[in-house]
Every structure is written in structure tokens, then in C-alpha cells.
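Visitor: Submitted below is the structure of interest, expressed as C-alpha cells.
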Amino acid sequence: MKCVVCHSSDIVMRRVNEQVTRGEDLILVPVEVLVCNNCGERYYDRRTMQRLDEIEDAIGAGRAPLERVGEVFRLSGELVPA
């Protein structure tokens, strides 16, 4: 298999965190996908895509077991001069 983006054949199975959003929340979903080691392009098989769809539905319905893993901050103004 060759990467469709960079044409490298250095593609391996890797565990990655897929990002699913719900409103302003970001949910990390660990999945195993093929990843190009050269450019980072990800390749999802049908089963993984179906699983992600099921997880998104469960999140929307409030049936997904979620845990808080940190906080997200946004810069709210200009930097104060040092």
C-alpha cells in the first residue's frame, strides 16, 4: 500500500486518538488505524468508521461512559507586557 498523499510505503497500524466534538467539548476516542509514518495520513477501514458512528450516536444520546481528563483554556485577551 502507498500513501495517497505523499506516496510513501511506510504505513503502519497505530493506536491514535480520534477527536469527536459535542458542542464545545472535545472527546478523544482511541482507535487502531493505518497511519503513514511520513506524512501522518490516516486510513480507516469500514469497521472502524462504523464504530466511530456508533460512538458518536452514544455520545449524543448520553450513553457513552466519559471521563474528564483535563481542562481546555482559551486566551481571553491581549498579553500583559513583561
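The values are calculated or read from the model by the stated rules, or taken from the named source; none is laboratory data. Computed from a prediction, not measured in an experiment: that's the story for all the values here. Positions of Cβ are backbone-derived with ideal geometry, glycine not excepted, and every protein chain shown enters the neighbour counts. The protein model used for the area step is the full one, side chains on, heavy atoms only, and it has no ligands, DNA or RNA in it. Shrake-Rupley method; radii C 1.70, N 1.55, O 1.52, S 1.80 Å.
Visitor: Answer yes or no as to whether M13 is modelled with pLDDT of 95 or more and among the aliphatic types (A, V, I, L, M). Break it down into steps so the answer makes sense when it comes.
Guide: On the way: modelled with pLDDT of 95 or more: yes; among the aliphatic types (A, V, I, L, M): yes.
So M13 passes the test.
Visitor: Criterion first (over 12 Å from the mean Cα position of the chain (by Cα) and touching a residue at least 12 places away in the same chain (Cβ under 8 Å)) does L28 satisfy it?
Guide: no
Visitor: Would you pick out the residues in the range 31-42 that are part of a strand (DSSP E or B) and either among the charged types (D, E, K, R) or touching a residue at least 40 places away in the same chain (Cβ under 8 Å) (or both)?
Guide: Scanning the range 31-42 gives E32, R42.
Visitor: Tally the residues that are under 25 Å from C6 (Cβ atoms) and of a type in the set (D, E), restricting the search to the range 23-68.
Guide: 3
Visitor: Continuing with this model, one more query. Restricting attention to the range 30-82, and to residues there that are among the aromatic types (F, W, Y) and touching a strand residue (DSSP E or B) at 6+ places or on another chain (Cβ under 9 Å), which single residue is most open to solvent (accessible area, probe 1.4 Å)?
Guide: If we take residues in the range 30-82 being among the aromatic types (F, W, Y) and touching a strand residue (DSSP E or B) at 6+ places or on another chain (Cβ under 9 Å), then Y44 is most open to solvent (accessible area, probe 1.4 Å).
Visitor: Quick one: count up the residues across the range 1-29 that are among the aliphatic types (A, V, I, L, M), open to solvent by less than 90 Å² (accessible area, probe 1.4 Å) and not in a strand (DSSP E or B).
Guide: 1
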